[in-house]
Amino acid sequence: MSSPDPSSVPPWALIAEAPGQGPWGLPDFAAAGGLAPEAPLDPLELAHQRGYEQGLAEGVAQARRELEPAREALVRAVGEIRREVGAARQRAEANLYALALALARWLMLREVAADPAAIEPLIRRAVALLPAGSTIGIHAHPADVEALSQGLGFVEPDGRSIAVHWVADVSLDRGSFRLVSPERIIDGRVDVALRALYERLAGE
């Protein structure tokens, strides 16, 4: 049999293949069964890693146990501070309301001293709350009685006059009054009204 003509041999057939190598001298992965698996961890290194992880977990657990009392104490301290802040805010608000109402009382007394007619709308509003046909006694400070009793008249919604009699009462401050009828008593004292307003504002 004659040898093949070198000119007819394909180029890739001229590439030498060594045992265990593929074309171009590259490793023959197919012959070797694919990529080589990773080498197993050294037993000593594996034991060291497991010991480290276990020690870390135990250390975290121990730290949490030791810090728990401090955390609880901090929570209690924060709660106490919040309660103290809330109480201080309430006291400040109550003091502010008391100061504002004291100022309102002073202004009202000064206004009534200058013009007793300033309480006329309040008295008329109180008289309107009483049942029709009632005989009314209006108790007020003597100076207010003297200023108001002569020119202040009251009428029913139908135009009939309301019988009233004035009573000078030295126990009442200027601007305060008390309406007395057989059916009802209306307390128009300034201090009582301001105290009710204070309790409403302060939420007591």
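The values are calculated or read from the model by the stated rules, or taken from the named source; none is laboratory data. Bear in mind the structure is a predicted one, so any value in this text is a computation, not a measurement. So basically every Cβ, Gly included, is an ideal-geometry build from the backbone, and we count neighbours across all protein chains shown.
Give me the pairs, please: first residue somewhere in the stretch 59-75 and assigned to a helix (DSSP H, G or I), second residue anywhere and surrounded by 10 or more Cβ atoms within 10 Å (Cβ to Cβ), beta-carbon distance under 6 Å, and either six or more positions apart or on two chains.
none
For the stretch 91-109, name all the residues that are of a type in the set (A, V, I, L, M, F, W, C), more than 15 Å from Glu199 (Cβ to Cβ) and within 24 Å of the chain's Cα centre (by Cα).
Ala92
Select from the stretch 181-204 the residues that are of a type outside the set (Lys, Arg), surrounded by fewer than 16 Cβ atoms within 10 Å (Cβ to Cβ), out of contact with any Phe, Trp or Tyr (no Cβ under 6 Å at 6 or more places or on another chain) and over 27 Å from Ala114 (Cβ atoms) and list them in ascending order.
Selection gives Pro182, Glu183, Ile185, Glu199, Gly203, Glu204.
Restricted to the stretch 119-144, and to residues that are at pLDDT 85 or above and small (Gly, Ala, Ser), which residue is farthest from Gly175 (Cα to Cα)?
Filtering the stretch 119-144 for residues that are at pLDDT 85 or above and small (Gly, Ala, Ser), the one farthest from Gly175 (Cα to Cα) comes out as Ala128.
Any residue in the stretch 139-156 that is of a type in the set (D, E, K, R) sitting within a Cβ distance under 9 Å of a residue that is part of a loop (DSSP other than H, G, I, E, B) and surrounded by 15 or more Cβ atoms within 10 Å (Cβ to Cβ)? List the pairs, counting only those 6 or more apart or interchain.
Asp144/Leu172; Asp144/Arg174; Asp144/Gly175; Asp144/Ser176; Glu156/Ile162
Looking only at the stretch 146-169, count every residue that is among the hydrophobic types (A, V, I, L, M, F, W, C) and modelled with pLDDT of 90 or more and tell me the total.
3
Quick one: which of Leu201, Leu194, Leu172 is under 21 Å from Arg110 (Cα atoms) and either among the small types (Gly, Ala, Ser) or at pLDDT below 85 (or both)?
The unique qualifying residue is Leu194.
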